[in-house]
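To start, the structure itself, in structure tokens.
The values are calculated or read from the model by the stated rules, or taken from the named source; none is laboratory data. These numbers come from a predicted model, not from an experiment. Ideal geometry is used to build each Cβ from the backbone, glycine not excepted, and the neighbour counts take in all protein chains shown.
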Amino acid sequence: MSRMLLRHARLIDGSGAAPREAQAVLIEDGRIAAVAADAELAGVEAATAIDLAGRTLLPGFIDCHAHLGAYDYELEARIATPASLTVMRTLPQLRDTLEAGVTTVREAGGLDAGFRLAQEQGLIDSPRLLVSIVILAQTGGIWDIACASGAKLDLAGAMGQVVRYCGGVEAMRQIARELLAAGADLLNIHTTSSLHKHPERLPHAMFTPAEIAAVVEEAHNAGKRVMAHVDGGPGVANAIRAGVDSVDHPYHLSDADIELLLQHRTWLVPTLSCNYGIVRIAERDPHAGIHESSLRAARQLIAIHTEGFTRAVKAGVRFAMGSDSFGRFQGDNLFELQLMVDAGCTPMQAIVAATGDAARCCGLERETGTIAPGKRADLVCVDGDPLADIRILQDRRRLSLVMQDGRCAVDRLRAGPDDGTCAAR
Ligand SMILES: [Zn+2]
């Protein structure tokens, strides 16, 4: 049995409880065996003991909405990219996300079950993955390029099946079953039109309530969840009423939508970073392929998006962290916590949204999300106090440790051996 003892930590356990000083965490075979005051675990023998004095220990972060396989924005580049190249470009993005402190990701379309298996089998450095495989979208929905000439570009195929266009209750039921059989951990359905095409008007609904309900029924029958990719408008209410488990990035959120979220106890995953991501990428690289109209829409949507989230939090809607990270924005996931605080959350609320509540949103609360006995040893140690300044979580130099299943993905306290185990101290 391998045993590791983390000592002298300031502990934020992810449950929302107040931080506790001088705490020790005992890890056995990749799981948390005990959490107690230092004095209580002082006599425990462990192969590795790590002194975390002056640092804060938190659960590994969970990103409930990211697009880790997305890379290019230019249509031509997407079409020309072989699937193997997409895979190879995705691997460093996965590692980068893990090294940023994100130990679990709920993937919102683009990665298949092979990525999850590769992480589970230790073949790649990656957050633990829940994959939706594709986004279910209606014809004319997200990324569907229909030309006035009648010509149609099957961008879904070009992007390695990021999107599956579909419609009709029975056809969608069948597709949902196929995806679940192919190893989808959840299903992802896009129930509104995209605002990036027409930011000046409210998105219209995509799919009928019956179509959404069929997908939800199939997922729930299989014990899986459904996330709804929404931009706003009547498709938000359709999704909530049909029983989806989370509503992700509604830029427009009406008071009636908020009332429905409360009634159905549906999770809200705001992904406030989404539009900032588009602006940041375009500013960093003018040749990144972000269309001028998308950039304009993103700038326009930031204020509307934030205002809706603030209203939902005040009303008591339960929410979880998602970054909507995509392409060259990977690894900046924890910027979302800063945006949540800027939108009116306390730093503790933002941390819980990205740990304990994120685990609940994903259905992983028995495995991860809090620092408690029995949970996987997914831990992040930061030099300083994130409750005093939430931005320190984005500073890689201050992330002393990132641990996943008890294995160090990052160890800045002392360089460990290359096999990822922490050096004995
Ligand atoms: Zn998304």
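Give the number of residues within the range 390-415 that are without any contact (Cβ under 8 Å) to a residue 24 or more places away in the chain and over 17 Å from Gly331 (Cβ atoms).
Residues that pass the stated criteria total 4.
Can His65 be described as part of a strand (DSSP E or B) and out of contact with any His (no Cβ under 8 Å at 6 or more places or on another chain)?
No; evaluated as a whole, the condition is false for this residue.
Restricting the search to the range 225-244, which residues are buried (at least 20 other Cβ atoms within 10 Å of the Cβ), under 21 Å from Ile175 (Cβ atoms) and away from the ligand (no atom under 16 Å from the Cβ)?
Answer for the range 225-244, where residues must be buried (at least 20 other Cβ atoms within 10 Å of the Cβ), under 21 Å from Ile175 (Cβ atoms) and away from the ligand (no atom under 16 Å from the Cβ): Asn238, Ala242.
On the given criteria, is Val247 closer than 26 Å to Pro59 by Cα, within 14 Å of the ligand (Cβ to nearest atom) and in the same structural domain as Ala358 (by TED's automatic domain parsing)?
yes
What helices (runs of 4 or more DSSP H) completely inside the range 287-372 contain at least 2 residues that are within 16 Å of the ligand (Cβ to nearest atom) and in contact (Cβ under 8 Å) with a residue 60 or more places away in the chain?
292-315, 335-342, 356-362
Any residue at all in the range 333-345 that is in contact with a His (Cβ under 8 Å, 6 or more places away or on another chain), modelled with pLDDT of 95 or more and buried (at least 20 other Cβ atoms within 10 Å of the Cβ)?
No, every residue in the range 333-345 fails to be in contact with a His (Cβ under 8 Å, 6 or more places away or on another chain), modelled with pLDDT of 95 or more and buried (at least 20 other Cβ atoms within 10 Å of the Cβ).
Can you run down the residue pairs with Cβ atoms below 8 Å, 6 or more apart or on separate chains, where the first is in the range 256-271 and more than 19 Å from Ala350 (Cα to Cα) and the partner is within 16 Å of the ligand (Cβ to nearest atom) and of a type in the set (Phe, Trp, Tyr)?
Filtered contacts from the range 256-271: no entries.
Among residues belonging to the range 254-272 that are more than 16 Å from the ligand (Cβ to nearest atom) and hydrophobic (A, V, I, L, M, F, W, C), point out the one that is farthest from the chain's Cα centre (by Cα).
Ala256
Hey, could you check the range 193-224 for residues that are touching a Pro at 6+ places or on another chain (Cβ under 7 Å) and of a type in the set (A, V, I, L, M, F, W, C) and say which is surrounded by the most Cβ atoms within 10 Å (Cβ to Cβ)?
Leu195
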